[in-house]
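Comments concern the structure below.
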Amino acid sequence: MTDESQVQTQSQSTTEISNKMPKGIPYIIGNELAERFSYYGMKTILIVFMTQYLMSRSGAVDPMNDADATTWYHYFSMANYFFPILGAILSDVLWGKYKTIITLSVVYVLGHVALAVDDTRLGLSIGLTLIAMGSGGIKPCVSAHVGDQFQKINKHLLEKIFGYFYFAINLGAAASSLLTPVLLDNYGPHLAFGVPGFLMLLATVVFYMGRKVFIAVPPVGWKQYKHDVFSPLGRKAIINLSIMYVFIAVFWSLFDQTGSSWVLQAEQMDKWVNLGFVRFELLASQIQAINPILIMIFIPLFTSYLYPSMNRLFRVTMVRKIIIGMFIAGFSFALLAVAQIQIINGGTPSILWQFFAYVILTAAEVMVSITGLEFSYTQAPNSMKSFIMGLWLLSVALGNFITAQVSSHLQKYITIGTPTFFWFFAGLMFVTATAFMLVARRYREESYIQNRMERPKPLGEEMLDPQSIDNK
C-alpha cells in the first residue's frame, strides 16, 4: 500500500462514525436502576421515619421535631454529596472506577442493613453514615464510567445515553417512592428499609456481571494525578468549574427540599386524588414519586421537541440550559409559598398545588441536572473525570448545607412551615440565577472525550493531542 493510500485510510478511520452502543452500557443502566431504587426508597421515607417512627434505646417512640428532622435530612444529603470527592480521588489515583464502585457498594449495602435492623438514633446514625460513604463514594465514578465506555467514533451518542442513564435513575426512584411509603405505613421501618437494602445488593451483583465487557480506564497514580491537578490546564478547569458550581449549589438547596419541607407541607394538605373513575388518598411521602414520573416524560419531550424549537430562536448551549433551569426553579417555591399562606390562614389546599410545583421544578431539573452531568464530563480533562464529577456533586452538598443552616440557625427569622420560608428560597434562587447568568457569559466550553482504552495522558500532552480534545 502506498503512503498516500495509507494516509487516506487513516483519515477515513478517524472520521468513522458508529451508532452502536458499548457492550457495558446495559449492566451500568441495570445497576443504576436498582441502586437508585434502594437510595430513593430509603430517602423517601426518611423524614416520616424520623418524625413518627424513631425509637429510643428503651423501646419507646422518640420522634424528632420538624426542624431537627429537616436538619438531619439535609446534613445526610450533604454528606452523601461530600464523599464523592473522596471516592473520585480513590478512583483516579488508586483503584480505578470499577474497583471503587464494587468496593464501596458493599459499604452501601451494610448501611441499609443497619437501618433495617436498628430503628433508634444509633442505627440511624450508623446507617446514614455508611450509606453516605457508599452512595457518595460511587457517585462520581458511575457517571464518569458511563462516559468512559465511549470513544471518538460514537461520542455523538453521549447525550442520548446520559438521557437513558437519567431515565433509569428516575424509573427506580418512581417505583421506590410509591412502594416504600406503603411498606412503612403497613409493615413498619424494618421491612421498609430492608427492601431497598435488597435492591442495593442486587445492584452490586448486576454491576459485577459486567466486569468482562467494561472499558476500564486505569488509575493514573498519585504522581501524575498531582501533576495533572496542579498543571495550568488542571487548575483552570477546577477554578472555572468550581465558581460555576457555587451558583448551581443554590438550585440543589431548593431541589432537595422535596424530601423535607415539601413532605412536611404535604402532611397539611388535602391528599385525596379524584381521577373520575377512581378516588384515592396519597401518603405525604408518596408525592415525591411525581418527580421521577415527570422526568421520564420530560426527557424525550425536551430532547426531541423543546431544545430543537429553542435552537431555532437562539443557540442552546449547555450553560444556557442550566441558567434557564435555575430561573424556572424559583417559581416552584413561589407557588408553594402561596399554598402555605392558605394553610397558615386555616385552609387545607389541594395537593394539586404541589403537583404543579413539581411540574415546574422537574422542568428545571432536566435543564440543570441532566445537562450538568454531561457538562461536567465534557469539561473535565481525561485524567480528572471522576474528580470533576466529584466537584459537581460537591455543589449538591453545599446546597444541602445551605438548607440545613437555614433550618437550624435561622428558625427565628425564616421558620420552616411558614410562607416566609418558601419566599426566602424563591428569592434566593432568582438572585443567584441572575448573578450566574452574568458570570457564565465569560465561560468558554471545552470537550474532552476519552479516545482509547489506555491510561490517560498527562495534561501537557493531552493539550497537544488533537485526538484527545475538541475545542468548541
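The values are calculated or read from the model by the stated rules, or taken from the named source; none is laboratory data. Please read all numbers here as calculations on a predicted model, not as lab measurements. For neighbour counting, all protein chains shown are included, and Cβ atoms are generated from backbone atoms with ideal geometry for every residue, glycine included.
Miscellaneous remarks
- Residue within region 376-389 that is closer than 25 Å to residue 288 by Cα, in a helix (DSSP H, G or I), under 21 Å from the mean Cα position of the chain (by Cα) and of a type in the set (A, V, I, L, M) present: no
Every residue, every condition in (1) in contact with a helix residue (DSSP H, G or I) (Cβ under 8 Å, 6 or more places away or on another chain); (2) under 18 Å from residue 98 (Cβ atoms); (3) touching a residue at least 24 places away in the same chain (Cβ under 8 Å), yes or no:
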{"site": "153", "(1), (2), (3)": "no, no, yes"}
{"site": "167", "(1), (2), (3)": "yes, no, yes"}
{"site": "192", "(1), (2), (3)": "yes, no, yes"}
{"site": "197", "(1), (2), (3)": "yes, no, yes"}
{"site": "200", "(1), (2), (3)": "yes, yes, yes"}
{"site": "236", "(1), (2), (3)": "no, no, no"}
{"site": "244", "(1), (2), (3)": "yes, no, yes"}
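- Filtering 322, 370, 343 for residues that are in contact with a helix residue (DSSP H, G or I) (Cβ under 8 Å, 6 or more places away or on another chain), surrounded by fewer than 22 Cβ atoms within 10 Å (Cβ to Cβ) and either assigned to a helix (DSSP H, G or I) or at pLDDT below 90 (or both) leaves a single hit, 343.
- Qualifying residue in region 174-182 (condition: surrounded by fewer than 22 Cβ atoms within 10 Å (Cβ to Cβ) and among the hydroxyl-bearing types (Ser, Thr, Tyr)): no
- Helices (runs of 4 or more DSSP H) lying entirely in region 256-312 (those with 1 or more residues that are over 23 Å from residue 345 (Cα atoms) and among the aliphatic types (A, V, I, L, M)): 290-301, 307-311
- Of the listed requirements (1) within 17 Å of residue 41 (Cα to Cα); (2) surrounded by fewer than 19 Cβ atoms within 10 Å (Cβ to Cβ), residue 195 misses just one: (2).
Every residue, every condition in (1) part of a helix (DSSP H, G or I); (2) modelled with pLDDT of 90 or more, yes or no:
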{"position": "179", "(1), (2)": "yes, yes"}
{"position": "192", "(1), (2)": "yes, yes"}
{"position": "196", "(1), (2)": "yes, yes"}
{"position": "207", "(1), (2)": "yes, no"}
{"position": "215", "(1), (2)": "no, no"}
{"position": "220", "(1), (2)": "no, no"}
{"position": "228", "(1), (2)": "yes, no"}
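- Top-ranked residue in region 147-172 [being more than 16 Å from residue 23 (Cα to Cα), at pLDDT below 75 and under 17 Å from the mean Cα position of the chain (by Cα); ranked as surrounded by the most Cβ atoms within 10 Å (Cβ to Cβ)]: 166
- Test: residue 264 is within 19 Å of the chain's Cα centre (by Cα) and touching a residue at least 12 places away in the same chain (Cβ under 8 Å): no
- Residue list for region 204-260, filter: acidic (Asp, Glu) and in contact with a Leu (Cβ under 9 Å, 6 or more places away or on another chain): 228
- The set of residues in region 414-443 being part of a helix (DSSP H, G or I), among the aromatic types (Phe, Trp, Tyr) and either touching a residue at least 60 places away in the same chain (Cβ under 8 Å) or surrounded by 20 or more Cβ atoms within 10 Å (Cβ to Cβ) (or both) consists of 421, 422, 423, 425, 430, 436.
- Here 115, 94, 124, 110 are screened, and the one residue that is within 28 Å of residue 293 (Cα to Cα) and either part of a helix (DSSP H, G or I) or modelled with pLDDT under 90 (or both) is 115.
- Of all the residues in region 234-266, those that are crowded, with 18+ Cβ neighbours inside 10 Å and charged (D, E, K, R) number 1.
- Filtering region 387-428 to residues that are more than 30 Å from residue 235 (Cβ to Cβ) and hydroxyl-bearing (Ser, Thr, Tyr) leaves 403, 407, 408, 413, 415, 418, 420.
- Residue 132, sole failed condition from (1) assigned to a helix (DSSP H, G or I); (2) in contact with a Leu (Cβ under 9 Å, 6 or more places away or on another chain); (3) among the hydrophobic types (A, V, I, L, M, F, W, C): (2)
- Qualifying positions in region 346-367 - of a type in the set (Gly, Ala, Ser), over 26 Å from residue 391 (Cα atoms) and at pLDDT 95 or above: 357
- Just one of the numbered conditions (1) free of Cβ contacts under 8 Å to residues at least 60 places away in the same chain; (2) of a type in the set (A, V, I, L, M, F, W, C); (3) touching a His at 6+ places or on another chain (Cβ under 7 Å) is not true of residue 61: (3).
- Members of region 16-57 that are buried (at least 21 other Cβ atoms within 10 Å of the Cβ) and of a type in the set (Asp, Glu): 32, 35
- Taken over region 231-255, residues that are under 27 Å from residue 334 (Cα atoms) and outside any helix (DSSP H, G or I) amount to 0.
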